[in-house]
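J.: I am attaching a structure below and will ask some questions about it afterwards.
The values are calculated or read from the model by the stated rules, or taken from the named source; none is laboratory data. Bear in mind that the values here come from a model prediction, so they are computed numbers and not experimental data. Please note: Cβ atoms are built from the backbone with ideal geometry, for glycine as well, and neighbour counts cover all protein chains shown. Side chains are part of the model used for accessible areas, which takes the heavy atoms of the whole protein and leaves out ligands, DNA and RNA. Shrake-Rupley method; radii C 1.70, N 1.55, O 1.52, S 1.80 Å.
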Amino acid sequence: MPQQRPDVLRRVSRLGFGGAAIGNLFAQVDDDAAAEAVNAAWADGFRYFDTAPHYGLGLSERRLGEALRPRPRGEYVLSTKVGRILEPLAGEIPEGLRDDEGFDVRRTHRRRWDFSGDGVRRSIEESLQRLGLDRIDIAYLHDPDDHAEQALAEAYPALEKLRAEGVVGAIGVGMNQSALPARFVRETDIDVVLLAGRYTLLDQSGLAELLPAAAERGVAVVLGGVFNSGLLADPRQAATYDYAPAPEPILRRALEIERVCLEHGVPLRAAALRFGFGHPAVISALIGVRDAGQAEDCAALAGVAIPTELWEDLRTRGLLSPDVPVPTE
């Protein structure tokens with residue numbers, strides 16, 4: 001029998017603001033541009049905002065908390081994550097020491113994996129301080145790929161207790177794979193899964209096990225990486241797929257999908273953004289937003305009308321399996 005979803009999940013907007021970019025993912029964003037990105041997203045109807053301690057060694061959380069502070073707390077949903085504790089580096093830190101995990105920030109802290117119960121509580125407390133909030137709407141276990149047993153035995157019960165205490169409103173797991181989240185859906189009472197890159201126009205591996213299990217249990221699914229880290233936004237030779245150079249066969253497939261989209265007068269990005277909503281478990285798509293223009297662009301893409309014939313043509317040409325659900329609106 002499907003479980004009752006927490007009220008907070010019913011308030012998640014279809015477009016979600018992915019906060020990694022304002023944590024300086026791959027390139028610097030200044031404070032003003034980060035604030036303008038959040039403000040533009042708000043103006044365009046985004047009411048779900050996602051972040052994590054990992055993103056810029058806490059920079060994303062601090063910026064997001066500051067930008068949302070003037071907003072009525074009951075009018076938006078905020079998620080953050082647990083699993084990585086930020087610990088200050090000892091001694092004098094060289095001015096030029098930069099983060100070595102993809103964020104263009106000064107390396108003042110190191111990340112330590114911690115899926116213990118104490119680690120979860122510490123992580124939530126420190127996130128609340130950086131955000132300037134007194135509660136978290138959604139808390140995800142962040143990338144427990146190599147820590148599955150500890151995450152299930154220790155981190156999950158800690159989150160469950162925090163949910164019961166009202167410190168967090170809903171709990172889940174966020175990953176770039178679908179097998180372990182499916183296990184969480186089967187073995188725990190999580191409320192939501194953040195699935196990155198595994199249910200897109202190029203990769204529907206999440207449909208094999210996770211999405212049916214989520215639909216059966218009433219677990220919500222938030223999609224991340226709907227553009228597969230860039231390939232479905234701009235398929236070209238230099239494009240990336242899963243944060244690495246796109247393999248030639250996958251690039252060719254993306255170009256074929258784009259060709260079909262253009263035949264129907266639809267931008268590839270609009271189809272990629274809309275595709276996942278064909279599955280009933282999906283409630284939102286997180287979009288990485290770096291500046292105000294990107295927020296406005298994504299809002300415009302969400303409003304593009306997509307004819308059902310486009311999905312049918314993708315199936316006819318072998319670019320989409322016949323059993324994959326597609327949007328009907």
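J.: Over segment 10-106, what per residue volume does the convex hull of the Cα atoms give, in whole Å³?
T.: Enclosed volume per residue, from the Cα hull, is 115 Å³.
J.: Now a separate question. Counting only protein heavy atoms, what percent of the accessible surface of the chain is carbon or sulfur at a 1.4 Å probe?
T.: That fraction is 50 percent.
J.: Rank Pro88, Pro144, Pro70 by mean-square fluctuation in a GNM of the chain with C-alpha springs under 10 angstrom and give only the top-ranked residue.
T.: Ranking Pro88, Pro144, Pro70 by mean-square fluctuation puts Pro70 first.
J.: Restricting things to Cα coordinates, could you compute the convex hull volume per residue of segment 105-146 in Å³?
T.: Residue-normalised Cα hull volume stands at 110 Å³.
J.: Then there is this: Projected area of segment 244-329, taken from the Cα convex hull and averaged over every viewing direction, in nm²?
T.: 6.6
J.: Considering the options Ala41, Leu78, Ala52, tell which one lies farthest towards the positive end of the dipole of segment 10-119, charges being +1 on Lys and Arg and -1 on Asp and Glu at the Cβ, about the Cα centre.
T.: Leu78
J.: Once you have a ≥ b ≥ c as the square roots of the Cα gyration tensor eigenvalues for the chain, tell me rounded if a/c is under 1.5, and otherwise prolate or oblate according to whether a/b is larger than b/c.
T.: Cα axes put the chain in the prolate bin.
J.: Show me the trypsin sites (Lys or Arg not before Pro) within segment 193-260 that DSSP assigns to loop and that have at most 16 other Cβ atoms within 10 Å of their Cβ.
T.: Answer in residue order: Arg236.
J.: Kindly sort Phe277, Phe46, Phe26 by accessible area of their heavy atoms, largest first, with the probe set to 1.4 Å.
T.: Reading off the accessible areas and sorting them downward yields Phe26, Phe277, Phe46.
J.: Same structure, new question: Over the chain, what is the relative contact order in percent, taking alpha-carbon pairs closer than 8 angstrom and at least six residues apart?
T.: 19
J.: Which value, in Å² rounded to 10, gives the accessible area of Lys161 with a 1.4 Å probe and all protein chains present?
T.: Here the accessible area works out near 120 Å².
J.: Take the Cα gyration tensor of segment 21-169, multiply each eigenvalue by 5, square-root it, and list the three semi-axes largest first, rounded to whole angstrom.
T.: Whole-Å semi-axes of the equivalent ellipsoid: 24, 22, 12.
J.: Within 15 Å, Cβ to Cβ, of Glu248, how many net charges do the neighbouring residues add up to if Lys/Arg are +1 and Asp/Glu are -1?
T.: In short, +1.
J.: Leaving out ligands and nucleic acids, note down the accessible area per residue over the chain with a 1.4 angstrom probe, in whole Å².
T.: Per residue, the chain has an accessible area of 42 Å².
J.: For segment 97-193, calculate the relative contact order in percent as a whole number, restricting contacts to Cα pairs under 8 Å that are 6 or more residues apart.
T.: It rounds to 25 percent for segment 97-193.
J.: Shifting gears a bit: In the neighborhood of Pro307, defined by Cβ-to-Cβ distances under 11 Å, what is the net charge if each Lys or Arg adds +1 and each Asp or Glu adds -1?
T.: Net charge around Pro307: -4.
J.: Another question, then. Could you state the number of Å between the C-alpha centres of segment 266-283 and segment 236-258?
T.: What the calculation gives is 19 Å, centre to centre.
J.: Let me ask another. Have a look at Leu255, Leu210, Leu131 and tell me which one the Gaussian network model of the chain (Cα, springs below 10 Å) gives the largest fluctuation.
T.: Comparing Leu255, Leu210, Leu131 in the GNM, the peak value goes to Leu255.
J.: Let me have the 222 nm mean residue ellipticity of the chain computed from DSSP H runs of 4+ only, each contributing -39500 (n - 2.57), with the sum over all residues rounded to the nearest 500.
T.: The helix-only estimate for the chain comes to -10000 deg cm²/dmol at 222 nm.
J.: Please give the Cα centre distance for segment 52-71 versus segment 207-229, rounded to the nearest Å.
T.: If you average the Cα positions of each part, the centres end up 26 Å apart.
J.: Could you please state, rounded to a whole Å, how far the C-alpha centre of segment 285-329 is from the C-alpha centre of segment 165-195?
T.: If you average the Cα positions of each part, the centres end up 25 Å apart.
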